[in-house]
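Structure first, then comments.
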Amino acid sequence: MRVLVVRPSEGGERTAERLRSLGHEAVAAPVLAIRATAERPPPGSFAATVLTSANAAAFLLTIAAARQLGPVFAVGERTAAAARAEGIEEVRVGAGDAAALARLVAGFVRGRDPLLL
């Protein structure tokens, strides 16, 4: 099967290689790049921070020093490792997909507490 992989270069090539190892013809064609912006998160503190990609970990410490971000929840092991590599000590790890991450966060955060995603 021919599969188009549109993820950013680094992760996209990893995905393409995995698909090739499964016997597929993977075509890597990144359609976006991960870059820092000047955008700041909303004001206030957060009950928790949710990372859905290892790419987000590199930018987390740029805002962490001045803010209360709460514990960090990572979608899976790769994202958790990236957060730890950036110096985040308290990382709770999901099972690698959005549904499992949502269940993990819901078990910790109560009511309408604000989250940083």
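Would you kindly find the accessible area of Ser21, with a 1.4 Å probe and non-protein molecules such as ligands, DNA and RNA excluded, rounding to the nearest 10 Å²?
80 Å²
Between Arg92 and Ala36, what is the spin-label point distance in nm, taking each point 7 Å from the Cα along the Cα→C-beta axis?
Here the answer is 2.8 nm between the modelled labels.
With 5 Å bins from zero, work out the P(r) of the chain over every alpha carbon pair and list the percent per bin.
Values per bin, smallest distances first: 2, 11, 18, 19, 19, 14, 9, 6, 3, 1.
Let me see the P(r) profile for the stretch 9-64: every Cα-Cα distance counted, bins of 10 Å, each bin given as a percent of all pairs.
Reading upward from the zero bin: 18, 38, 24, 16, 4.
Of His24, Thr79, Pro114, which is farthest towards the positive pole of the chain's charge dipole, taken about the Cα centre with +1 and -1 on the beta-carbons of Lys, Arg and Asp, Glu respectively?
Comparing the listed Cα positions along the dipole, Pro114 ranks first.
Tell me the carbon and sulfur percent of the accessible area for the chain, rounded to whole percent, probe radius 1.4 Å.
Here it works out to 55 percent.
Report the FRET efficiency, 1/(1 + (r/R0)^6), for Val6 and Ala85, where r is their Cβ-Cβ distance and R0 is 35 Å, rounded to 0.05.
Between Val6 and Ala85 the formula returns 0.85.
What is the extension gain from Arg20 to Leu115, computed as 0.36 nm multiplied by their sequence separation minus the C-alpha to C-alpha distance, in nm to one decimal?
Gain on extension, Arg20 to Leu115, equals 30.5 nm.
With a probe of 1.4 Å, find how much accessible area the chain has per residue, and write the answer as a whole number in Å².
With all protein chains present, the chain gives 64 Å² per residue.
Using 0.36 nm times the number of residues separating Ser53 and Ala100, minus their current alpha carbon distance, what extension gain do you get?
The Ser53-Ala100 span can extend by a further 15.5 nm.
The values are calculated or read from the model by the stated rules, or taken from the named source; none is laboratory data. Source: prediction; values computed, not measured. Every residue, glycine as well, gets a Cβ built from its backbone with ideal geometry; the counts of neighbours run over all protein chains shown. We work out accessible area using only protein heavy atoms, side chains counted, and drop any ligands, DNA or RNA first. Shrake-Rupley method; radii C 1.70, N 1.55, O 1.52, S 1.80 Å.
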